[in-house]
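Inspection log for the structure reproduced underneath, given as structure tokens.
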Amino acid sequence: MFHSSVLHRISLMAAKPHRVHSFSGTCSLQGSAKRARTMTSESSMKDAFGRYAEYLNDLNDKRERVVKASRDVTINSKKVIFQVHRVGKHNREEVLEKAEKDLASVTGQYMSRLVRELQGTDFWKLRRAYTPGVQEYVEAATFCKFCKTGTLLNLDEINATLLPLSDPSFEPLQINVLDYILGLADLTGELMRLAIGRISEGELEFAEKICRFARDIYRELTLLVPHMDDSSDMKTKMDTMLQSVIKIENACFSVHVRGSEYIPLTGSIDSSSFLLDMPDNEL
């Protein structure tokens with residue numbers, strides 16, 4: 001009996017190393033699996049961040065190109081506005097025809113580049129990059145249309161001119177309502193300068209037409225702005241717009257009240273001139 005118990009203890013002692021060996025083998029397998037999972041997760045994370053970095057780099061490059069295209073639109077749209085300001089009594093058709101050609105050149109050469117950069121992308125991500133150029137383009141287009149026809153160029157008409165510039169396979173770039181309103185707010189400043197110039201040349205009727213047009217724009221935007229989101233740009237432009245309208249009104253009012261003090265630069269006095277009844281020594 002003693003012999004059998006001794007043999008049983010020896011057999012138990014001999015079995016323990018095998019258990020330890022089996023347990024260490026299991027741990028090594030679990031450790032290698034854990035390392036494999038860790039390496040896989042690290043690799044996928046690096047790939048994900050690599051894609052994010054590539055996306056941000058492409059977006060920054062596109063933003064730089066959009067800023068450059070917007071700057072070119074701004075510069076050349078200002079040239080159209082300067083051309084319109086050359087209008088006078090005897091060269092209206094000639095000046096406005098050249099202004100329309102210049103505007104078409106801006107649309108086909110510079111706006112088309114901006115459209116190509118933005119088509120198929122989320123426009124709002126890059127809006128701050130291209131909105132100055134779009135606003136200046138809206139200002140030039142509406143200014144040219146008013147001097148030509150005496151009417152306002154609406155948003156649908158502007159977007160219709162941009163539609164052929166887009167690739168049909170992509171979502172077309174369309175000027176949004178906010179940029180159109182901001183550009184329209186800038187228009188009153190150019191109308192004020194035009195009205196003062198027309199008064200200096202004796203075109204009081206045209207100046208009064210400009211006054212009514214600028215007043216209508218300000219009145220309509222005054223009703224619209226309270227329903228818009230909080231926009232510091234729009235508030236600033238509304239104040240500037242009011243100052244422009246007041247200047248036009250004061251200039252037209254002064255001509256009516258103190259007309260005898262204004263001498264037309266054309267050198268001719270017709271039957272409707274306010275200088276007709278003035279003595280020669282006051283001229």
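Taking Cα centroids, how far is the range 52-120 from the range 136-173 in Å? Here the answer is 12 Å between Cα centres.
Here the extension length gained between Ala104 and Asp156 equals 17.0 nm, from 0.36 nm per residue of separation less the Cα-Cα distance. If R0 is taken as 41 Å, the Cβ-Cβ distance between His227 and Thr121 corresponds to a FRET efficiency of 0.90.
Shape analysis of the range 36-128 yields a ratio of the Cα radius of gyration to the Kirkwood radius, Rg/Rh, of 1.36. Here Arg71 sits with roughly 120 square angstrom of accessible surface, probe radius 1.4 Å. Rounded, prolate or oblate, given the Cα gyration tensor of the range 176-219, with a/c below 1.5 counting as rounded? Prolate shape, in that a/c is at least 1.5 and a/b is the bigger ratio.
Placing Ile248, Ile196 in order of accessible area, with the largest value first and a 1.4 Å probe, yields Ile196, Ile248. Measuring against 29 Å, Cα to Cα, the residue pairs Lys101/Lys125; Lys89/Lys237; Lys68/Lys145; Lys62/Lys145; Lys46/Lys68 contain Lys101/Lys125; Lys89/Lys237; Lys62/Lys145; Lys46/Lys68 as the ones spanning a longer distance.
Using only the C-alpha atoms, the convex hull of the range 131-244 corresponds to 108 Å³ per residue. Only protein heavy atoms count here; under a 1.4 Å probe, Asp216 has an accessible surface of about 70 Å². At a Förster distance of 45 Å, what's the computed FRET efficiency of His90 paired with Glu54, Cβ-Cβ distance as r, to 0.05? That gives a FRET efficiency of 0.15.
Give, as a single signed number, the net charge of other residues whose beta carbon lies under 15 Å from the beta carbon of Val87, with Lys and Arg counted +1 and Asp and Glu -1. Charge balance in the 15 Å sphere: +2.
Compared with the alpha-carbon gap, the fully stretched path from Thr149 to Asp167 is longer by 3.3 nm at 0.36 nm per residue. Relative to the current alpha-carbon distance between Val177 and Arg215, full extension at 0.36 nm per residue lengthens the span by 11.6 nm.
The values are calculated or read from the model by the stated rules, or taken from the named source; none is laboratory data. None of the values given here were measured: they were computed from a predicted structure. Ideal geometry is used to build each Cβ from the backbone, glycine not excepted, and the neighbour counts take in all protein chains shown. When the accessible area is computed, the model is the full protein with side chains, heavy atoms only, and any ligands, DNA or RNA have been set aside. Shrake-Rupley method; radii C 1.70, N 1.55, O 1.52, S 1.80 Å.
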